[in-house]
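Notes to accompany the following structure.
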Amino acid sequence: MSNYQLHANETTISIPRIITVDSVNYYEILVKCGQVMWTVNHRFRDFAELHDRLVSERGVSKDKLPPKKVLGNKSPTFLKKRQEALEQYLKEMFIFLKVTMPREFVEFLDFHRYDIIFLVQHLASSLFLRGDAFLAKSKKYGFSVLELHAISERLKIPCPPTEAACSNYNFSHILDFCAQLETIIVLPTKNSLPTILYDDDTDKYIPHALHKPIGSSNLIPVQLRYELSVFKVLRNLIIYGVPTENIQNVGQYGADSCGGALRETLTRIEVYKSETKQICQIALCDNVHKDAAEDELDKAKQWKTLRHAVFKENQLTAIDRTIRLFPSLKDLVLDKNKLESIAHLSHLNNLQILSLRCNRITQCPNWHVQLGNLVTLNLSQNRIRLLEGLAKLYSLVNLDLSCNLIDDINEIDYIGNLPLLENLRLLGNPVAGGVDYRARVLSRFGDRLQEIYLDNEKGNQTEYDMALVHSALRISAQKSQRKLHSLLDPSNTPDGSETDANDTERAGTSGGESR
């Protein structure tokens, strides 16, 4: 961002061209402040309105502005002369107003949009007027990365004279407001805030603006860094379309901590469309080096109070070992990434909800080793065909397998014995298109078939009756197959006693299922 306070002598103003839109002429003003530049377009009437205010309020000479002209005011020769005259006018006004920089001149040239000092003053004035009313309704606020960068940079510099002269612009209004917020949303640009959505079933998100210049400037969101130390009671952090590495400080570590304490207070973090490829880019967002040593992972850099994490629509290809920096995590959403497997989740002893919707998972080998306490698992819209790896998730209550590649009804047997499973979704799989699909699936749950919600619906009596028929037929076929096998291979049952005993035991089980 520009810093007029430091680069006042390096600031230049010019009018390089005229832009015509719908027969209306706009003069394009180019402002350069240090390495930052931007443009702003104004009609001649805008110049006239500015001049009237400067004459009445700032003592500017009335004859400084080029005169109006009714006839011939659209000829190329006239427009060229007016362009040069207006450029000279702006340069003279800038020299005259350079020290005081009145608000009307600042806003005419868009300094309040791209300069650290004037942007912060503009925000402070807005919060001075409406901050208390806003906080009375909500403790949630959306910031552009430009605003957060300006606030962070303003913390490093002394109070400018223009701020001291007007209490509305006092930086303390921002500090007081931020210190009371419990939730903030970080976005690439301010105008993207009203259209942000979090509905899982829609893709109507704001356009990706990470690498695009902000407004008419040469400022790029991905290049702007910020810290969050001004947010004293922050509980929820939502980052949308901005790299998490842009955060410079989420809390120093150890007894000598002097920065923010986000790792000690945050309970929820959401990161959307940030191009994040590894968990460490979030867990160690403010670290220059993301390869923390083993002892650091266990102690100094843990997010101790974090319970909920949503890392959705990023570029994650794996779950790296830094996931253990979230030891208190209860639910983890990793939808719409590029994951093919899971790893390191056994360190999350409190994890109860895991969503992996819209990834690239094809199999789930021995997932009970990592997800022993899981209650809800969403695996919809992946590429799963086999379910054997889910057979020992005994604490599972909700399982979403919709829109996968399951085509064999016998795969349901692996989850049919899960003692707590109540909600199962299978729509969108090839198996869901079969005859008597619902009854055949419910038949795999034995005595518990009436406890199961299949695709969000409990079965009806017709389906239960048909399920019992399918169960009896299947058990009969299994018994026949075992008898046939014993006849073909009599060495396994020399006196026939073992077969009879097994048949008796299975018959008892089948009777229970039939009931």
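Descriptive notes on the structure:
- Share of carbon and sulfur in the accessible heavy-atom surface of the range 356-448 [1.4 Å probe, %]: 47
- Electrostatic dipole magnitude of the range 183-476 [Cβ: Lys, Arg +1; Asp, Glu -1; Cα centre; debye, to 20]: 660
- In the structure shown, the pairs LYS98/LYS190; LYS139/LYS273; LYS32/LYS156; LYS98/LYS140; LYS91/LYS156 are assessed against 26 Å; a Cα-Cα span above that value is assigned to LYS98/LYS190; LYS98/LYS140; LYS91/LYS156.
- Segment GLU457-LYS212, extension gain: residue separation times 0.36 nm, minus the distance between their alpha carbons: 83.5 nm
- When the convex hull of its Cα atoms is viewed from all sides, the range 183-476 shows a mean projected area of 17.2 nm².
- Three-way shape call for the range 4-111 based on the alpha-carbon gyration tensor, with the a/c threshold at 1.5: oblate
- For ILE361, distant residues with modelled amide H under 5 Å away: ARG383
- Close amide H contacts of ILE29 (hydrogens built in the peptide plane, cut-off under 5 Å, sequence separation of 5 or more or a different chain): VAL40, ASN41, HIS42.
- Note on GLU422 and SER167: with the Förster distance fixed at 51 Å, the Cβ-Cβ geometry gives a FRET efficiency of about 0.25.
- Placing R0 at 60 angstrom, the Cβ-Cβ distance between ALA133 and ASN410 gives a FRET efficiency of 0.45 after rounding to 0.05.
- For HIS485, the solvent-accessible surface computed with a 1.4 Å probe is close to 100 Å², ligands and nucleic acids excluded.
- Solvent-accessible surface of the range 183-476, taken per residue with a 1.4 Å probe and all protein chains present: 44 Å².
- Ordering ASP407, ASP132, ASP335 by accessible surface, largest first, gives ASP132, ASP407, ASP335; the 1.4 Å probe counts only protein heavy atoms, with every chain in place.
- Each Lys and Arg adds +1 at its Cβ and each Asp and Glu adds -1 at its Cβ; summed about the Cα centre, the range 77-149 shows a dipole of about 200 debye.
- For ARG17, solvent-accessible area (1.4 Å; no DNA, RNA or ligand), Å²: 120
- The simple Förster model, with R0 at 51 Å and r as the Cβ-Cβ distance, assigns LEU6 and THR77 a FRET efficiency of 0.80.
The values are calculated or read from the model by the stated rules, or taken from the named source; none is laboratory data. Predicted model, so just to flag it, every value in this text is computed and none were measured. A quick note on method: Cβ atoms are made from the backbone with ideal geometry, for glycine too, and the neighbour counts reach across all protein chains shown. Areas reflect the complete protein model, heavy atoms only, side chains present, ligands, DNA and RNA absent. Shrake-Rupley method; radii C 1.70, N 1.55, O 1.52, S 1.80 Å.
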